[in-house]
1. Which label marks the calculated value of Kirkwood radius over Cα pairs in Å, given the options [x] 17.7; [y] 18.2; [z] 19.2?
2. List the lysines whose alpha-carbon lies under 24 Å from that of Lys146, not counting same-chain residues fewer than 8 positions away?
3. To the nearest 500 deg cm²/dmol, what mean residue ellipticity at 222 nm is calculated for the chain from DSSP H runs of n ≥ 4 alone, each contributing -39,500 (n - 2.57), summed and divided by the residues?
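Any read-out appearing in this document is the output of simple, stated calculations on the displayed coordinates, not a laboratory observation. Remember, it's a predicted structure, so these values are computed and weren't measured experimentally.
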Amino acid sequence: MVKQNFADRRGWVFDLDNTLYPPAARLFDQIEVRMTQYVMDALSVPKPEADRLRSTYWAEYGTTLAGLMDLHGVDPAPYLTHVHDIDLSHLQPDPDLRTHIETLPGQRIVYTNGSAPYAERVLSARGLEGVFDAVYGVEHADFRPKPERAAFETVFTRAGLRPDTAVMFEDDARNLKVPHALGMRTVHVAPTPEDGAHIHHHTDDLTGFLRRLVD
């Protein structure tokens with residue numbers, strides 16, 4: 001039985017990176033290196049400027065890709081293939097996490113600002129393949145990123161998800177503002193808690209949180 005304050009929830013939306021695997025895996029260290037190289041090659045800029053642009057676009061647009069598309073007309077498909085071509089061999093399966101996600105009643109989806117093929121690779125490495133009803137990447141939001149409201153609405157419409165009966169698990173606190181506004185229950189999954197009316201719950205242990213959530 002789901003705990004009382006989640007008892008009316010029938011949709012469970014999970015971010016991927018640093019949510020369905022621990023931040024200690026440091027996959028983004030690899031991704032950021034490849035992002036910087038792509039910016040260097042695409043814009044013909046040196047590494048310090050590419051690093052600055054990567055960080056600036058992430059802060060202002062939600063993803064580096066969104067900034068590159070908006071300001072430089074970059075084709076998203078080659079970019080996504082390049083930046084996600086990383087080593088996942090050190091990710092470990094988490095059978096407990098799998099068990100607790102499978103116990104959640106209703107619809108279970110992954111929604112990431114990365115690509116869906118990359119997400120499928122990560123889920124397989126974590127032993128989570130087949131657990132979710134669907135996996136949505138940034139391509140399913142017409143390449144618009146979280147935290148844009150239109151991105152959430154596009155994906156949730158595709159999924160047939162009712163936000164007012166759903167929960168969002170996410171490591172980036174800014175990406176919980178729209179889910180909160182849409183009526184979702186929000187869970188910030190991160191080592192350090194952050195304040196804000198849009199954050200309803202915090203955990204640094206997703207598996208433990210789900211274990212306590214479901215009797």
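1. The calculated read-out lines up with [x].
2. Within reach: Lys177.
3. Value at 222 nm, helices only, nearest 500: -12500 deg cm²/dmol.
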